[in-house]
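Q: One structure is given below, represented as structure tokens, and several questions about it will come after.
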Amino acid sequence: MYKVFICLAACALLWSCSNQKFKVEGRIDGAAGETLYLEHNGILRTTPLDSVKVAKDGSYSLRAVRPEYPDFYRLRIKNKTITFAIDSTETIAIRGDLQHFATGYTVENSYASEQIKDLRVSLIGIQNKLAGLNDLKDEKEREQKATEIDADLQRHKELAHKIIMENPRSTAAYFALYQQIGGRYIFSPFVQEDYPYWAAVATAYHTYMPQYDRSKNIYNFVLDALREKQNAQKQAALSELMNSEQAAGYIDIVLPDRYGNEMRLSDYEGQVVLIDFSAYEAQESIDYTFALRDLYNKYHARGLEIFQISLDRNKLLWESSTENIPWVCVRDDDGPATRYANLYNVTQLPTTFLMDKEGNIIARSLSFGELDKKIGELVK
């Protein structure tokens, strides 16, 4: 009997948690007899949850099952709406009046909903000014109003920046990113200056609520933007490589060696240069380094130089590994993300380029046997 009681109690507890409700209450002056709706603002659709006739004194009370994750809801009377968020709060109080329903309300017990209100009021003001812009006939007045709108939009973005960086995990931060004007996002992950804010919110949601639909949505959106950015960078790098105006036929590489000395590939014009992109952290690094040393020992006195670009992630490992090598080895603090890897279209390690004495790159990724033969011909 005791075990049965425990099981029943556990089931009752689970049932009560899953059916726990939040409440929205308050007063809407001037709305007596109007139907007030509580709706869920989903990613793809808006779903009605509850409704009530506003009392003579303007009071109302609405309930719905609390969400598993923080989410967005709205109160609606006809076509007027108030958006708010439900997180850990069980009861939220919203008071206002019918005439200024969308902007002239107050929120209690939900800090995120107060921030959402600030964002909405700011944006509605900008939208109203934009709507009136076309009615202005005087060109000078139109320009002045447009300048004013630009300033308002900048202040709106600064408000959003503050909210996002205060707590990227909040519903207000998420809401800020998805605000639109004229069907276009105010913030876009595809815009360089906006990307860090999208990334901050996406990372926070993905870290703390990885199974949440909104987390997946924003995370995938940011990943798409990142892929587009990387593809654009790669295409630009390839274009720069193909269209380089340098008469020498190569793109100069300027990076520090392990002592902090700035080394330039262009300083070795007039010599045969083996340009080597590799990493000492790679499993085959020891054998590869010995093979390079054999080439260097055989041909250096006859005019060969090795200009090695390390793509090691660990700077200390690189410094330790290059302590006794006789050739030039440089490294970018960006490690494998160095722009020079893109400029030379390096897609795997190691990758080598052989440059003749005139500065022309004449071969790519030859075997060591082929390199031995080719270098022997070039240093004659």
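Q: Output the residues belonging to segment 260-283 that are of a type in the set (Ser, Thr, Tyr) and either in a strand (DSSP E or B) or under 17 Å from Leu366 (Cα atoms) (or both).
A: Correct list: Ser278 only.
Q: Has segment 136-143 got any residue that is surrounded by fewer than 15 Cβ atoms within 10 Å (Cβ to Cβ), more than 21 Å from Gly183 (Cα to Cα) and touching a residue at least 24 places away in the same chain (Cβ under 8 Å)?
A: Checked segment 136-143: no residue is surrounded by fewer than 15 Cβ atoms within 10 Å (Cβ to Cβ), more than 21 Å from Gly183 (Cα to Cα) and touching a residue at least 24 places away in the same chain (Cβ under 8 Å).
Q: I've got another one for you. Out of all the residues in segment 51-69, which are crowded, with 17+ Cβ neighbours inside 10 Å, of a type outside the set (A, V, I, L, M) and either in the same structural domain as His206 (by TED's automatic domain parsing) or at pLDDT 95 or above (or both)?
A: Gly58, Tyr60
Q: Of the numbered conditions (1) under 23 Å from Ala176 (Cα atoms); (2) not in a strand (DSSP E or B), Phe84 satisfies every one except a single condition; which is it?
A: It fails just one condition, (2).
Q: Please indicate, with yes or no, whether at least one residue in segment 64-81 is of a type in the set (Phe, Trp, Tyr) and closer than 27 Å to Glu148 by Cα.
A: No, because not a single residue in segment 64-81 is of a type in the set (Phe, Trp, Tyr) and closer than 27 Å to Glu148 by Cα.
Q: Please work out which residue is surrounded by the fewest Cβ atoms within 10 Å (Cβ to Cβ), limiting yourself to segment 84-105 and to residues that are in contact (Cβ under 8 Å) with a residue 60 or more places away in the chain and farther than 24 Å from Lys56 by Cα.
A: If we take residues in segment 84-105 being in contact (Cβ under 8 Å) with a residue 60 or more places away in the chain and farther than 24 Å from Lys56 by Cα, then Glu90 is surrounded by the fewest Cβ atoms within 10 Å (Cβ to Cβ).
Q: Being farther than 26 Å from Asn167 by Cα and among the charged types (D, E, K, R) is the requirement here; does Glu90 meet it?
A: No.
This table checks each residue for (1) closer than 30 Å to Gln230 by Cβ; (2) in the same structural domain as Tyr296 (by TED's automatic domain parsing); (3) in contact with a strand residue (DSSP E or B) (Cβ under 6 Å, 6 or more places away or on another chain).
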| site | (1), (2), (3) |
| --- | --- |
| Val330 | yes, yes, yes |
| Asp333 | yes, yes, no |
| Asn342 | yes, yes, no |
| Arg364 | yes, yes, yes |
| Ser367 | no, yes, no |
| Lys373 | no, yes, no |
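Q: Could I ask something else about it? Select from segment 102-135 the residues that are acidic (Asp, Glu) and farther than 19 Å from Ile92 by Cα and list them in ascending order.
A: Listed by number, the list holds a single entry, Asp135.
Q: For Met263, all conditions in the list (1) at pLDDT 95 or above; (2) closer than 24 Å to Glu370 by Cα; (3) aliphatic (A, V, I, L, M) hold save one; what is the number of the exception?
A: In the conditions (1) at pLDDT 95 or above; (2) closer than 24 Å to Glu370 by Cα; (3) aliphatic (A, V, I, L, M), Met263 misses (2) alone.
Q: Which of (1) within 25 Å of Glu158 (Cα to Cα); (2) modelled with pLDDT of 95 or more does Ile94 not meet, given it meets every other one?
A: Looking at each condition in turn, Ile94 falls short on (1).
Q: Further, regarding this structure: Take the conditions under 20 Å from Tyr250 (Cα atoms) and at pLDDT 95 or above and apply them to Ile375. Does it pass?
A: Considered against the rule, which asks whether it is under 20 Å from Tyr250 (Cα atoms) and at pLDDT 95 or above, Ile375 comes out as yes.
Q: Has segment 121-135 got any residue that is β-branched (Val, Ile, Thr), in a helix (DSSP H, G or I), within 23 Å of the chain's Cα centre (by Cα) and farther than 19 Å from His40 by Cα?
A: Scanning segment 121-135, I find no residue that is β-branched (Val, Ile, Thr), in a helix (DSSP H, G or I), within 23 Å of the chain's Cα centre (by Cα) and farther than 19 Å from His40 by Cα, so the answer is no.
The values are calculated or read from the model by the stated rules, or taken from the named source; none is laboratory data. Every value quoted in this text rests on a predicted model; they were computed, and no experiment measured them. Cβ atoms come from the backbone with ideal geometry, glycine included; neighbour counts cover every protein chain shown.
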